[in-house]
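The values are calculated or read from the model by the stated rules, or taken from the named source; none is laboratory data. Bear in mind that the values here come from a model prediction, so they are computed numbers and not experimental data. Cβ placement follows ideal geometry from the backbone for every residue including glycine, while neighbour counts extend to all protein chains displayed. All accessible areas refer to the heavy atoms of the entire protein, side chains included, with ligands and DNA or RNA removed. Shrake-Rupley method; radii C 1.70, N 1.55, O 1.52, S 1.80 Å.
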Amino acid sequence: MATLGIAGAKLALVDKNGVVLTGSNGIFKYTDQATTDTTGIFDVTVDNSFGVASVALSNLTGSATDISGNNKIVFKSAGKGSAQTVLTVNALPNEIKMAVLGMPSDGKGGFTITGKIDSNNRVAFLAESSEAFDIDKPVYVGMYMGNASEASATMTSNAANENRTTDAITIGALERGDDGFGKYFYSLASKFDKSAMLSDVFKTATTSGTTTGGQ
């Protein structure tokens, strides 16, 4: 998956079936948009977040164990990886970040540091590269659901230079039924369908055949 640059990302809160949550249950629940939100998808742009700095995926493949027979290695027993993503955004809006992390709001601008991941707070995302190395066609990676966390945060004094921090959110992936963790999508493919990709990553009650109303 050779890529060149990153063009953006989309985020959504989803239920246990991977169906996007909207309104007061969705990613805009701590904002004024909660009452009008119908999509449940936050598009990370330069205008609202100063853009995506990086998307780093790891643990996509598990370890392999040698199986010996007749004094030879005859097979590899393949373990499953525990997929993980570190999504770094230059300045994610505070209310969106708290919703992604699953931090409870006190309704007065405060968000409780509980000291543990909210296992029922699930996030889906779709990231888009600028191009595929030397081809002017983006590559996408979508992860169906995962639990988000931020293990540490540092505030540093300005000196001769400004010391900025970014929002680095770790998302530990969960499998969505038999669909796996997610998918790569290649827009150069002859039958690439952007609408189908969005429907796959960000399922709705209509596309999945399930109903939502909680997590």
For this session: With runs of 4+ DSSP H residues as the only contributors, calculate the mean residue ellipticity of the chain at 222 nm using -39,500 (n - 2.57) per run, divided by the residue total and rounded to the nearest 500.
Result: -2500 deg cm²/dmol
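Placing +1 at every Lys and Arg Cβ and -1 at every Asp and Glu Cβ, with all other atoms neutral, what dipole size does the chain have around its Cα centre, in debye to the nearest 20?
Details: 17 positive and 21 negative charges, 122 e Å.
Result for the chain is approximately 580 debye, rounded to the nearest 20.
Could you sort 184, 30, 140 by their accessible area in this structure, using a 1.4 Å probe and putting the largest first?
Values: 184 100, 30 65, 140 15 Å².
Final ranking, largest accessible area leading: 184, 30, 140.
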Seminar exercise, completed: Extend 7 Å from the Cα of residue 136 along its Cα-to-C-beta direction; within segment 177-203, residues with backbone N under 16 Å of that point are 187-188
Problem set entry | ³J(HN,Hα), Karplus 6.51/-1.76/1.60, whole Hz, each residue of segment 148-156, x for Gly, Pro | 9, 8, 9, 6, 8, 8, 10, 10, 10
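Hey, if we sort 35, 156 by accessible area with the 1.4 Å probe, largest down, what's the order? Please list the in-between numbers first.
Details: 35 130, 156 80 Å².
Ranking 35, 156 by accessible area, largest first, yields 35, 156.
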Problem set entry | Candidates 151, 78, 173: whichever shows maximal mean-square fluctuation once the chain is modelled as a Gaussian network with Cα springs under 10 Å | 78
Exercise. Just going by the charge dipole of the chain, with Lys and Arg at +1 and Asp and Glu at -1 on Cβ, which of 55, 198, 77 is farthest out on the positive end?
Worked result: 77
Exercise. Out of 64, 12, 91, any idea which swings most in a Gaussian network model of the chain, alpha carbons joined below 10 Å?
Worked result: 64
